[in-house]
Amino acid sequence: MKYLPTIGIECHVQLSTKTKLFSEVDNDARNKEPNSCVSPVDYALPGMLPRLNGEAIRFAIRAGKAMNCEINLESRFDRKHYFYPDSPKGYQITQFYRPIIGAGYVELPSGTRIRIEHAHLEGDAGKLTHFDNYSLVDLNRVDTPLIEIVSQPDIHSAKDAHDYCKELWRLMRFANVTYGDLYNGNMRFDVNISLAPKDSDKLGVRAEIKNLNSFRSVERAVEYEIVRQTKILEAGEKVIQETRGWNDATGKTTEQRSKEEAKDYRYMPEPDIPPIHLTTEFVDEEAMRLPLMPVDYRKKFDNVIANDTLEVLLDYPELMLKLGEINEKYAKNISNLFASVLLAEEKSTEYLNDLPSVKDLTDLAEMNTKKELSSTATKEVFLRLFDPQMKGRGSKQIAKELGLIQENDLGALETIVDAVLAKPETAKAQADFRAGEEKVIGFLVGQVMKESHGKANPSAVQQILREKLK
């Protein structure tokens, strides 16, 4: 490639506090009627003053620590002026000069580190819904607490852009500071991308693609922009600095408006909210609330759980928290059940709210390891652990009630094998095996399984048959 793409990403994360950033209104507006979660503060009734939500400060600290960031003990709010119908105040309360979260980094699954420049706390704008010849405003989202995470321009491929956004999403969910519902806009990505000759020491002119809400869209939009800007540069023309939208259906970005600079927003200190002063002890206390992060699980289960299985499970903090409590010798067995059985179920998201106990999962894995349960039976018992009608029953009791426990007593199995070999209908198969036809052993094992009503251990049965047919 003649040109090197350079990508920086701004990620807006809606914090899942109970109330909004500057008012005592319900902060979870998902599936709520438009303009039903608002207060006079949100729609800027004259004389209404903002009141800072202390829970948002705690969430911001945890988010910052999840990204290995410094937390600034002194931060403050500023006004960012712009005039859109979804912002009744005519300005946004944000942090420009002194943000609460300082420099840090996010480590991708590949081990690549993407530096974080800073992350600031701010109130969200409302939502505009456009129709043919008019638009409607929903103020439910106004002053939902956001942290805007600004990366350094360390990303140089569409894949790394995808992986960075996904890892951010995981970190925020593991830190338990957001619902992480991409469909409802709990996390949104603005992608800045520019191209420059590979040997250049200067970055090219950037375009910003706004409001992407899926990792795949981020990857596709970057791929498209690389092609678009390459064509412009190769034609001897200049890339225009602008904001562009993404159309998922067409797979193209489209021009929206020219890109504003900081001076266009006329930033000024927010006069109605005093500066925030934190203590080291307060920050450390919040940092201690963080559970294990994805990078910790990768280290913990290295060479224990297959990478592709682990990366699937890392999308589900609830599963990883439970898996982290399992004895490592059973972790591979249980992780495969989670990945290949549970997540294949239609109601898997409901099941995540009520996972089996560590004891039930350990007992199940142990029975499978001891060959007391076949692989098929293990999967059946595993799913029954989520059945409300089986509530309170453990893995062992469920397996017994369903008659799934395999017979491993060699003496008892030998008696059944002798009975099968004594039957006239198995004589030909026995002769064929002795003549070198290995495949008929499957028929004989099947006859033993039938005789045992499916309870015999197939591996043990085959071993006994081979010894007796020598």
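The values are calculated or read from the model by the stated rules, or taken from the named source; none is laboratory data. It should be emphasised that the depicted structure is a prediction, and the values quoted were computed from it without experimental measurement. For neighbour counting, all protein chains shown are included, and Cβ atoms are generated from backbone atoms with ideal geometry for every residue, glycine included.
Identify the residue in the stretch 363-376 that is without any contact (Cβ under 8 Å) to a residue 60 or more places away in the chain and out of contact with any helix residue (DSSP H, G or I) (no Cβ under 6 Å at 6 or more places or on another chain) and, among all such residues, is surrounded by the most Cβ atoms within 10 Å (Cβ to Cβ).
By that ranking, first place goes to MET367.
Conditions tested, residue by residue: (1) part of a helix (DSSP H, G or I); (2) in contact with a strand residue (DSSP E or B) (Cβ under 8 Å, 6 or more places away or on another chain); (3) in the same structural domain as PHE215 (by TED's automatic domain parsing).
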residue: ASP132; (1), (2), (3): no, no, yes
residue: VAL137; (1), (2), (3): no, yes, yes
residue: LEU146; (1), (2), (3): no, yes, yes
residue: VAL150; (1), (2), (3): no, yes, yes
residue: LYS159; (1), (2), (3): yes, no, yes
residue: ASP163; (1), (2), (3): yes, no, yes
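Against the definition (under 28 Å from the mean Cα position of the chain (by Cα), without any contact (Cβ under 8 Å) to a residue 60 or more places away in the chain, more than 18 Å from ILE147 (Cα to Cα) and surrounded by fewer than 20 Cβ atoms within 10 Å (Cβ to Cβ)), how does ARG216 come out, yes or no?
yes
Does the stretch 306-317 contain at least one residue that is outside the structural domain of MET172 (by TED's automatic domain parsing), of a type in the set (S, T, N, Q) and on the phi < 0 side of the Ramachandran plot?
Yes.
Can you name the residue in the stretch 221-249 that is without any contact (Cβ under 8 Å) to a residue 24 or more places away in the chain and under 26 Å from the mean Cα position of the chain (by Cα) and, of all such residues, is surrounded by the most Cβ atoms within 10 Å (Cβ to Cβ)?
Selected residue: ASN247.
Restricting the search to the stretch 449-470, which residues are assigned to a helix (DSSP H, G or I) and over 15 Å from LYS371 (Cβ atoms)?
Listed by number, the residues that qualify are LYS450, GLU451, LEU465, ARG466, GLU467, LYS468, LEU469.
Which of the numbered conditions does LEU413 fail, given that it passes all the others? Conditions: (1) among the aliphatic types (A, V, I, L, M); (2) touching a Pro at 6+ places or on another chain (Cβ under 9 Å); (3) farther than 18 Å from LEU352 by Cα.
Going through the list (1) among the aliphatic types (A, V, I, L, M); (2) touching a Pro at 6+ places or on another chain (Cβ under 9 Å); (3) farther than 18 Å from LEU352 by Cα, LEU413 breaks only (2).
So which residues in the stretch 270-309 are of a type in the set (S, T, N, Q) and farther than 24 Å from VAL341 by Cα?
Within the stretch 270-309, THR279, THR280 meet the criteria.
Within the group LEU342, LEU321, which residue is free of Cβ contacts under 8 Å to residues at least 60 places away in the same chain, in contact with a helix residue (DSSP H, G or I) (Cβ under 7 Å, 6 or more places away or on another chain) and either under 27 Å from MET172 (Cα atoms) or crowded, with 17+ Cβ neighbours inside 10 Å (or both)?
Answer to the selection: LEU342.
Could you check how many residues of the stretch 34-58 are of a type in the set (Phe, Trp, Tyr) and in contact with a strand residue (DSSP E or B) (Cβ under 7 Å, 6 or more places away or on another chain)?
Matching residues across the stretch 34-58 total 0.
How many of the residues making up the stretch 442-454 are in contact (Cβ under 8 Å) with a residue 40 or more places away in the chain and surrounded by 18 or more Cβ atoms within 10 Å (Cβ to Cβ)?
Final tally of qualifying residues: 1.
Can you go through LYS439, LYS379, LYS396 and tell me which one is without any contact (Cβ under 8 Å) to a residue 40 or more places away in the chain and assigned by TED's automatic domain parsing to the domain that holds LYS347?
Criteria check complete, one pass: LYS396.
For LEU128, all conditions in the list (1) part of a strand (DSSP E or B); (2) in contact (Cβ under 8 Å) with a residue 60 or more places away in the chain; (3) surrounded by fewer than 20 Cβ atoms within 10 Å (Cβ to Cβ) hold save one; what is the number of the exception?
Going through (1) part of a strand (DSSP E or B); (2) in contact (Cβ under 8 Å) with a residue 60 or more places away in the chain; (3) surrounded by fewer than 20 Cβ atoms within 10 Å (Cβ to Cβ) one by one, LEU128 breaks only (2).
Sort out for me the helices (runs of 4 or more DSSP H) sitting completely within the stretch 294-385 that have 3 or more residues that are more than 20 Å from the chain's Cα centre (by Cα) and either modelled with pLDDT of 95 or more or farther than 30 Å from SER214 by Cβ (or both).
It comes to 328-340, 358-369, 375-384.
Which ones in the stretch 10-54 are hydroxyl-bearing (Ser, Thr, Tyr) and assigned to a strand (DSSP E or B)?
Within the stretch 10-54, just THR19 meets the criteria.
Only residues in the stretch 265-292 that are in contact (Cβ under 8 Å) with a residue 40 or more places away in the chain count as the first member; pair them with residues that are of a type in the set (Ser, Thr, Tyr) and outside any loop (DSSP other than H, G, I, E, B), Cβ under 6 angstrom, at least 6 apart or cross-chain, and list the lot.
Final answer for the pair search is ILE276/SER75.
Determine which member of the set ILE57, ILE71, ILE93 is closer than 27 Å to TYR297 by Cβ and either of a type in the set (A, V, I, L, M) or at pLDDT 95 or above (or both).
Residue meeting the stated conditions: ILE71.
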